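K.L.:
One structure is given below, represented as structure tokens, and several questions about it will come after.
The values are calculated or read from the model by the stated rules, or taken from the named source; none is laboratory data. None of the values given here were measured: they were computed from a predicted structure. Because the Cβ atoms are built from the backbone with ideal geometry, glycine has one as well, and the counts that use them run over all protein chains shown. Ligands, DNA and RNA are stripped out before the accessible areas are found, and what is left, the full protein with its side chains, is counted by its heavy atoms. Shrake-Rupley method; radii C 1.70, N 1.55, O 1.52, S 1.80 Å.
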Amino acid sequence: MESLRFLLYPFALLYGIGVYARNLMFDIGILRSRSFPVWVISVGNLSVGGTGKSPHIEYLISILDKLSSKYKNMNIKAEHTAVLSRGYGRGTSGFHLVTDTSTAQEVGDEPKQIKEKYKDVYVAVDEKRARGVKKLLELNKDINLFLLDDAVQHRYVTPTFSILLTNYHKPFYEDHLLPAGRLREQRRGYKRADIIIVTRTPHNLVDVEKKIVIKKINPLTHQKVFFSSVIYDEPLPVYPDCKVSPKIEKTTSVVLLTGIANSNDLRKSLLSKAKEVIHINYPDHHWYTLVDIMKVVDAFNNISNPDKIIITTEKDAVRLHQSSVVEQLGKLPIFYIPIHIKLREEAEFEEEILRYLNASHLYKPIEKVI
């Protein structure tokens, strides 16, 4: 691995020069970032995939909703909130508003997933974020908060504040530039963030280990570092007609179907509960073909154990609704496992969010309900 990385360093150097030049042009004003008279929260990472950007967007939606009930003058409602994503993996381009009838092929799996969970929130996709914000404000001038998904490198919109995510198991400070590593830009890019969240942390992470990680990150004076973990919820049916109860016990054989950036944690979680896990893994945002699905069906049918089940992720479930796929999987016990994010320092995180929202001076100061 190290020898291959060494061979790729010249290409990483060339890539790094291009990224550095682009960031420099933004820093000195040759490339301009546009500001909007609304709150804009940017969420992203320095690396390629695997940090859990979309689950953290969902977490922010929930936190902001919670804060709205605690503080007066906040004026952040679901119908005044918008999520804007690039819509990675979609078969379209340009601006698209995500609706109940939108397909994952049209808008991407993650925006579709977010819209299904938060019906009142505006969700849209546009590879040009400034255009996307402008079009959403044209649709509803009362939108006052934007969550920009995967936007750390998309600097054409000036955020009110920026949240940088980094994977505990693959932190940016130990990574290298593409193609020698997984970094999209130099490590120093973390300095543009206001908040840093170390994601996918073990549930038993102790304070000493947290301090070591914070020391390695070397946050600037104004930067706060938080730690989040993934919580796996109870399985839910992929298709509404499923009548089987989703039980995973020590006697259960599981066929696990994934097409996400990081499926190791889910696989390990299932291994701790089930008799066996047969993992069929594909790249992130993979669009399943009939051949892929038949591989899953065959794996399931070849298990002699009558106590068997198919498990997938929430993001994958969004991509399993093509008619040809439903025809093959619709009668099998297939379930997805929803996840949610838990922040270890949630109260402190809420205070930090409020501090940045107030510091923007866009609206009246947010005050606690008496």
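K.L.:
Quick one: which residues, 5 or more positions from PHE335 or on another chain, have an amide H under 5 Å from its amide H? H modelled 1.01 Å from N in the peptide plane, none for Pro or chain starts.
P.N.:
So PHE335 has HN proximity to VAL238, ILE310, ILE311, THR312.
K.L.:
Please report, in whole Å³, the volume per residue of the convex hull around the C-alpha atoms of region 45-155.
P.N.:
In region 45-155, the Cα convex hull volume per residue is 103 Å³.
K.L.:
Please name whichever of VAL296, SER42, LEU67 sits farthest to the positive end of the charge dipole of the chain, dipole taken about the Cα centre and charges placed at Cβ: Lys and Arg +1, Asp and Glu -1.
P.N.:
Of the candidates, SER42 comes out farthest on the positive side.
K.L.:
Hey, quick one: spin label on PHE26, modelled 7 Å out along Cα-Cβ, who in region 113-148 has an amide N within reach, i.e. under 12 Å?
P.N.:
Counting only backbone N, you get 129-130.
K.L.:
Show me 87-94, 343-350 ranked by packing, highest mean number of other Cβ atoms within 10 Å first. Mind dumping the intermediate values first?
P.N.:
On the way: 87-94: 16.9, 343-350: 15.1.
Going by the mean number of other Cβ atoms within 10 Å, highest first, we get 87-94, 343-350.
K.L.:
For region 210-315, which chymotrypsin sites (Phe, Trp or Tyr not before Pro) are both in a DSSP coil and crowded by at most 16 other Cβ atoms within 10 Å? Let's see the in-between values first.
P.N.:
Values: sites: PHE226, PHE227, TYR232, TRP287, TYR288, PHE300; in loops: TRP287, TYR288.
Answer by residue number: TRP287.
K.L.:
Here's another thing I want to ask about it. Taking a ≥ b ≥ c as the square roots of the Cα gyration tensor eigenvalues, with a/c under 1.5 meaning rounded and otherwise prolate when a/b beats b/c, else oblate, which class fits region 99-168?
P.N.:
oblate
K.L.:
When the C-alpha atoms of region 252-330 are aligned to their principal axes, what extent does each axis show, in angstrom, from largest down?
P.N.:
31, 27, 16 Å, listed from the longest principal axis down.
K.L.:
Give, in nm to one decimal, the length gained when the segment between ASP207 and ALA347 is fully stretched (0.36 nm per residue of separation minus the Cα-Cα distance).
P.N.:
Working: separation 140, 0.36 × 140 = 50.40 nm, distance 1.72 nm.
This chain segment gains 48.7 nm when fully extended.
K.L.:
In Å, what Rg and Dmax follow from the Cα atoms of the chain?
P.N.:
21.4, 65
K.L.:
What's the ranking of 32-39, 351-358, 148-155 by average number of surrounding C-beta atoms within 10 Å, highest first?
P.N.:
Numbers: 32-39: 15.0, 351-358: 16.8, 148-155: 22.2.
Averaged packing, sorted descending, gives the order 148-155, 351-358, 32-39.
K.L.:
Given Cβ point charges of +1 (Lys, Arg) and -1 (Asp, Glu) and nothing else, what value in debye, to the nearest 20, does the dipole of region 210-314 about its Cα centre take?
P.N.:
For this selection, approximately 760 debye.
K.L.:
Run the accessible area of region 293-341 with a 1.4 Å probe and give the carbon-and-sulfur part as a rounded percent.
P.N.:
So the carbon and sulfur contribution to the accessible surface is 51 percent.
K.L.:
Rolling a 1.4 angstrom probe over the protein heavy atoms, how many square angstrom per residue are accessible across the chain? Show your work: numbers first, answer last.
P.N.:
Working: 18040 Å² over 370 residues.
Heavy-atom SASA per residue in the chain reads 49 Å².
K.L.:
When you count, for each residue, the other Cβ atoms within 10 Å and take the mean per peptide, how do 301-308, 14-21, 250-257 rank with the highest first?
P.N.:
Going by the mean number of other Cβ atoms within 10 Å, highest first, we get 250-257, 14-21, 301-308.
K.L.:
Ignoring ligands, DNA and RNA, please state the percent of accessible area on region 66-109 from carbon and sulfur, probe 1.4 Å.
P.N.:
48 percent
K.L.:
So who's got an amide H within less than 5 Å of the one on VAL40, skipping anything under 5 residues away but keeping other chains? H placed 1.01 Å off N, in plane.
P.N.:
Under 5 Å from the amide H of VAL40 lie the amide H atoms of PHE146, THR160, PHE161, each far enough along the sequence or on another chain.
K.L.:
Another question, then. State the Cα centre-to-centre distance between region 241-277 and region 113-149 in whole Å.
P.N.:
Spelled out, the Cα-based centre of one part sits 34 Å from the other.
K.L.:
If you don't mind, there's one more thing I want to ask. Among the listed pairs LYS268/LYS315; LYS247/LYS275; LYS66/LYS135; LYS243/LYS308; LYS119/LYS342; LYS295/LYS331, which are separated by more than 24 Å between their Cα atoms? Before the final figure, lay out the partial values.
P.N.:
Numbers: LYS268/LYS315 18 Å; LYS247/LYS275 12 Å; LYS66/LYS135 27 Å; LYS243/LYS308 14 Å; LYS119/LYS342 22 Å; LYS295/LYS331 16 Å.
Beyond 24 Å between Cα atoms: LYS66/LYS135.
K.L.:
Next up: Write down the percent of antiparallel bridges among all DSSP beta bridges whose residues are both part of the chain, to the nearest 5.
P.N.:
Of all bridge pairs located within the chain, approximately 25 percent are antiparallel.
K.L.:
How high is the relative contact order of region 116-251, in percent, with contacts defined as C-alpha pairs under 8 Å that are six or more residues apart?
P.N.:
So the answer I get is 18 percent.
K.L.:
Angle, helix 2-28 long axis vs. longest principal axis of the chain, Cα atoms, 0 to 90°, nearest 10?
P.N.:
On a 0 to 90 degree scale, this one is about 40.
K.L.:
Can I ask one more? Over the heavy atoms of GLU138, what accessible area does a 1.4 Å probe trace out, to the nearest 10 Å²?
P.N.:
Rounded to the nearest 10, that gives 120 Å².
K.L.:
A further question on this structure: Tell me what the chain gives for mean residue ellipticity at 222 nm when only DSSP H runs of n ≥ 4 count, each as -39,500 (n - 2.57), the sum divided by the residue total, rounded to 500 deg cm²/dmol.
P.N.:
-10500 deg cm²/dmol
K.L.:
What percent do you get for the relative contact order of the chain when only Cα pairs under 8 Å and 6+ apart count?
P.N.:
20 percent
K.L.:
May I pose another question? Using a cut-off of 14 Å between beta-carbons, work out the net charge of the residues near LYS215 (Lys and Arg +1, Asp and Glu -1, LYS215 not included).
P.N.:
Around LYS215, the charge tally is 0.
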